[in-house]
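Report on the following structure.
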Amino acid sequence: MFTRPTGEWVEPNCLSDYFERLVRKAGLPPIRLRDLRHGAATIALAAGTEMKAVQDMLGHSSISLTSDTYTSVLPELARDAAEAAVRLVPRQGSKRSAGLTSGTQRPSASTLSSGRDRKSGKKPQVKRAS
């Protein structure tokens, strides 16, 4: 709700019309006054603001209303979230290229502890490059 300096209530349509004139005068793309809430919530989240703080900022009674209705995922946030998830996945070291050549096989996990294959009891054959 907006009021005039006299305390009189400003009609919503008058305020929207005034905002629209300001947008046109500034040469901005068309945007509704109401869209500023959505934009403010999205920018706050992009800046790392907690969802609960955005809920309070918008005056919503539930956090789900805030997240479902007034926020959107920016492409940068989606990429950052994907990269953060990738960082959590353990990576295998670069052991694969250590001295092995094309066509050679690494010993199986069952031979690593004893040096012998558990099923046959034999040492594995490893081809060497000539």
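Using 17 Å as the cut-off for backbone N distance, which residues of segment 15-41 belong to the label zone defined by a point 7 Å from the Cα of residue 74 along Cα→Cβ? Only 36-41 fall inside the zone, counting backbone N under 17 Å. For segment 35-75, the normalised intensity computed at q = 0.32 Å⁻¹ comes to -1.24 (log10 of I(q)/I(0), Debye sum over alpha carbons, equal scatterers, no solvent). For segment 53-58, 3J(HN,Hα) computed residue by residue from phi via the Karplus equation (6.51, -1.76, 1.60; θ = phi - 60°) reads 5, 5, 4, 5, 4, 8 Hz, glycine and proline entered as x.
Counting only protein chain heavy atoms and rolling a 1.4 Å probe, the accessible areas of 22, 58, 88 rank, largest first, as 88, 22, 58. Accessible area per residue (1.4 Å probe, heavy atoms of protein chains only) ranks 17, 35, 68 as 68, 17, 35, with the largest value leading. The eigenvalues of the Cα gyration tensor, multiplied by 5 and square-rooted, give segment 1-73 an equivalent ellipsoid with semi-axes of 26, 17, 10 Å from largest to smallest. In this simple spin-label approximation, residue 83 and residue 40 carry label points 7 Å from Cα along the Cα→Cβ vector, and these lie 3.0 nm apart.
The values are calculated or read from the model by the stated rules, or taken from the named source; none is laboratory data. Everything quoted here is computed from the prediction, not taken from an experiment. Cβ coordinates were reconstructed from backbone atoms using ideal geometry, including for glycine residues, and neighbour counts include every protein chain displayed. All accessible areas refer to the heavy atoms of the entire protein, side chains included, with ligands and DNA or RNA removed. Shrake-Rupley method; radii C 1.70, N 1.55, O 1.52, S 1.80 Å.
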